[in-house]
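Here's the structure we're looking at; comments come further down.
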Amino acid sequence: MKVEKINVAEKFELVTEYWSPKIIEQMNDYHFKLAKFKGAFTWHDHKETDEVFLVMEGEMQIDFRDRSVKLKAGEMMVVPKGVEHRPSSKEECKVMLIEPAGTVNTGEVVSEHTLSQVDWI
């Protein structure tokens with residue numbers, strides 16, 4: 001097994017589309033994904049898993065049905081399993097997502113944002 005460092009800034013340069021996360025590493029059964037956000041995503045939940053949002057650069061908002069939470073660079077939030085949410089950002093925001101391998105980005109909701117496969121970079 002080859003152990004190497006990952007330059008997250010360089011990996012973000014390979015993310016060219018909004019709302020299209022890319023896997024950069026795996027730890028046990030969890031994927032570390034990088035994504036660029038801009039605009040509003042699809043309302044969804046993940047019935048079987050929590051989801052981590054770690055803002056690396058910029059600002060974003062996570063809407064819940066009863067409130068909204070703003071996150072800026074250096075801040076993170078864990079959205080518990082089964083909680084409906086919608087990430088959004090006014091300007092480009094760079095985010096690391098941490099979730100179990102195989103997690104569908106829109107949960108059980110099918111929308112224009114749903115990815116059938118997440119690529120490694």
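Of note:
- Check: the chain dipole with +1 on Lys, Arg Cβ and -1 on Asp, Glu Cβ, in debye: 200
- Spatially proximal lysines relative to Lys11 (Cα-Cα < 27 Å; intrachain offsets below 8 disregarded): Lys2, Lys22, Lys33, Lys36, Lys38, Lys70, Lys72, Lys90, Lys94
- Highest to lowest packing among 69-78, 46-55, scored as the average C-beta count within 10 Å: 46-55, 69-78
- Length-normalised contact order for the chain - Cα pairs under 8 Å, 6+ apart - percent: 32
- Other residues with beta-carbon under 15 Å from the beta-carbon of Ala35 carry, at +1 per Lys or Arg and -1 per Asp or Glu, a net charge of -3.
- Under the simplified labelling scheme, the Trp43-Met77 pair shows an inter-label distance of 1.6 nm, with each label point 7 Å from Cα along Cα→Cβ.
- Listed values for segment 64-76 are Karplus-derived 3J(HN,Hα) couplings in whole Hz (6.51 cos²θ - 1.76 cosθ + 1.60, θ = phi - 60°), namely 10, 5, 10, 5, 10, 10, 9, 10, 10, 3, x, 10, 9, and x replaces Gly and Pro.
- In segment 1-46, chymotrypsin sites (Phe, Trp or Tyr not before Pro) in a DSSP loop with at most 16 other beta-carbon atoms within 10 Å: Trp43
Read-outs: derived from the displayed coordinates by stated rules, not from any lab. All values derive from a computational prediction rather than experimental measurement. Every residue, glycine among them, receives a Cβ derived from its backbone with ideal geometry; neighbour counts consider all protein chains shown.
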